[in-house]
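The values are calculated or read from the model by the stated rules, or taken from the named source; none is laboratory data. Bear in mind that the values here come from a model prediction, so they are computed numbers and not experimental data. Here the Cβ positions follow ideal geometry from the backbone for every residue, glycine too, while neighbour counts run over all protein chains shown.
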Amino acid sequence: NTILQSGNLITADSNKVNHRFVWTNNLAPHNKYGVTGNGTGTPTLETYFPGAVFRQNVLAGGRASSYPADNYFPANLNEVNFIDYAGRNYRLASNSLYKFLGTDGKDLGCDSEALSAALSVTERDYVSKETVTAAMGSPAVLTIDPSGAGEVGAGEAVALNEDNGRSGPFSVLTTAMAGGEHSTRLMLFTTGISGAAPNTNPNNDVRLGDRVLANLAESVGVEARTAEGRVIRLDVEYAGLQGKYSGLDQVNIIIPPELNGIDRIELTIIVGERRSNTGIISFKP
């Protein structure tokens, strides 16, 4: 990734420890504190991200002595040698010192060629995104590492537990902050919902700050299919705009107890006669 943030690169300020943290091949300004929490750089990584893989990154303006080895510290972003920094062309110039230094042998920072290809419109009028390929105007579940099977992406669904923000594998029950357990609610990140589903029940619309988001739950269905072919219709609590990121939709579903312990559930979103690609989730026993 090429990151042009104005503040810290990473801020760790809780008592939680994060394992299996990997930060590689990124290019960003360090700014004042860079990776911070318990000091700058290595102390924070050791405290909050023990065992972290933090290498082959460009931290412009940072100090090498503050970070693990195998990272790079030009004085500023101009020394990176972008093709046209002022013109917002952030590909690395042929004379940049950071070409071909990624752990994968590619340039550090954004893989611009892959990004351009991922955002292109193909001759069949399908739009390819970084995480999902979906027919234009159809609902789509965002997925991680789609397999490319069929005409749309299939892979692990981008989904989070509504209560604690954790990704899968999920439990069918979640402990609420106030205590006690209830059926897990999952947030599925999607596209093609808000522009396709009718809002037939404005009474269940959701207020977000000074905005009202249309809740299209009554017009959206979600099917869960097991490996044995059993299909379970899931209750939808909310479907519509995610509210923060333009173009992103969200579908909130309630998980029934019969999905407990199933390690592969294929989810499909249905709007009218249109069906989405497959998003896969799994549940702990």
query: Just one of Asp235, Asp249 is over 16 Å from Val141 (Cα atoms) and either of a type in the set (D, E, K, R) or touching a helix residue (DSSP H, G or I) at 6+ places or on another chain (Cβ under 9 Å) (or both); which is it?
result: Asp235
query: Pairs, please: C-beta under 7 Å, at least 6 apart or cross-chain, first residue touching a residue at least 12 places away in the same chain (Cβ under 8 Å) and in region 36-53, second hydrophobic (A, V, I, L, M, F, W, C) and surrounded by fewer than 14 Cβ atoms within 10 Å (Cβ to Cβ)?
result: Tyr48/Val17; Pro50/Val17; Val53/Val22
task: Those residues that are exposed (fewer than 14 other Cβ atoms within 10 Å of the Cβ) and hydrophobic (A, V, I, L, M, F, W, C), I need them from region 174-221; list them, please.
output: Ala176, Met177, Ala178, Leu208, Val212
message: Tell me yes or no: at least one residue of region 244-258 is of a type outside the set (A, V, I, L, M, F, W, C), crowded, with 20+ Cβ neighbours inside 10 Å and under 19 Å from the mean Cα position of the chain (by Cα).
response: yes
task: Taking only region 79-105 into account, find how many residues are surrounded by 13 or more Cβ atoms within 10 Å (Cβ to Cβ), closer than 16 Å to Asn25 by Cα and modelled with pLDDT under 90.
output: 2
- prompt: Restricting the search to region 272-281, which residues are outside any loop (DSSP other than H, G, I, E, B) and surrounded by fewer than 23 Cβ atoms within 10 Å (Cβ to Cβ)?
  reply: Arg274, Arg275, Ile280
message: For region 51-80, give me each residue that is part of a loop (DSSP other than H, G, I, E, B) and over 26 Å from the mean Cα position of the chain (by Cα).
response: Gly61, Gly62, Arg63, Tyr67, Pro68, Ala69, Asp70, Phe73, Pro74, Ala75, Asn76
- request: Answer yes if at least one residue in region 220-237 is part of a loop (DSSP other than H, G, I, E, B) and within 24 Å of the chain's Cα centre (by Cα), and no otherwise.
  value: no
query: What do you reckon, is Asn76 farther than 30 Å from Ser219 by Cβ, buried (at least 18 other Cβ atoms within 10 Å of the Cβ), among the polar types (S, T, N, Q) and modelled with pLDDT of 90 or more?
result: no
Elements of type strands (runs of 3 or more DSSP E) in region 137-195, at least 1 residues being touching a Gly at 6+ places or on another chain (Cβ under 8 Å) and at pLDDT below 90: 155-157, 185-191
- prompt: Which pairs do you get when a residue that is closer than 17 Å to Asn71 by Cβ and in contact (Cβ under 8 Å) with a residue 12 or more places away in the chain, found in region 1-22, comes within reach of a residue that is outside any loop (DSSP other than H, G, I, E, B) and hydrophobic (A, V, I, L, M, F, W, C), reach meaning Cβ atoms under 6 angstrom, with the pair 6+ apart or on two chains?
  reply: Thr2/Leu27; Ile3/Ala28; Leu9/Ala28; Leu9/Val35; Ile10/Val35; Val22/Val53
Contacts under 7 angstrom Cβ, first residue in region 83-105 being at negative phi, partner of a type in the set (Lys, Arg), 6 or more apart: Ile83/Arg91; Leu92/Lys99
task: Hey, can you tell me all the residues within region 71-96 that are charged (D, E, K, R) and either out of contact with any helix residue (DSSP H, G or I) (no Cβ under 9 Å at 6 or more places or on another chain) or farther than 17 Å from Asn1 by Cα (or both)?
output: Glu79, Asp84, Arg88
